[in-house]
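Asks: Attaching a single structure in structure tokens format; questions to follow.
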Amino acid sequence: ENSWTPPPPPPQPEQAGIPSALEAEASVLGACLLNPDALSQVADILGAGDFYRERNSWVFAAMLRLHERREPPDLVLLTQELERAGKLGELGGPAYLTELLLDTPSAFYALHYAGLVREAAQRRHIIAMAGQFATLAFDRTKEIGEVMAAVETLFFQMAQDRVTHGLEHIRGPVQRYI
């Protein structure tokens, strides 16, 4: 009497879809436009590469550049920064930025939205690493010890990213208080 039953197979990628949080991405950006102070908090959790939609990544990167120069990421300055970077027209112009602003329910939940975006980014990263693990495992030209060492290195890089993501260089806080 074996009562064990195998778990159901995982969903196929085409069924599951690539992990993303598009509404949360837009809400993070809109929250930072509504409340420039939210950007400081959100920047501790997210990087521009965490955004799935490329144009959202461009907007966030522009916000971070403004933040580094101690300029608020308001609609006017952000529009100018994106224009300077040559991305404004490609992302939909000022109309897209206005849409982000108007469609954001509240700046109060910026950290929650950022957490959703970060989680989706981490899931995409795990999927990419799983592909790398599979490629390594199928490569029979390498010794298994070499394969295991490479897998371990990739795994620890991912774990390290999780630990250090959002840590800020000491120069940032020091400059803000000097």
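Asks: Arrange the peptides 50-60, 74-84, 122-132 so that the one whose residues have, on average, the most other Cβ atoms within 10 Å appears first.
Replies: Result, highest mean first: 50-60, 74-84, 122-132.
Asks: Can you report the principal axis dimensions of region 30-138 using only the alpha carbons, biggest first, rounded to whole angstrom?
Replies: Reported extents, whole Å, longest axis first: 52, 30, 26.
Asks: Tell me the per residue accessible area of region 20-149 using a 1.4 Å probe; a whole number in Å² is fine.
Replies: Solvent-accessible surface per residue comes out at 55 Å².
The values are calculated or read from the model by the stated rules, or taken from the named source; none is laboratory data. Note that the structure is a prediction, hence the values are computed from the model and not measured. Note: ideal-geometry Cβ built from the backbone for every residue, glycine included; neighbour counts use all protein chains shown. All accessible areas refer to the heavy atoms of the entire protein, side chains included, with ligands and DNA or RNA removed. Shrake-Rupley method; radii C 1.70, N 1.55, O 1.52, S 1.80 Å.
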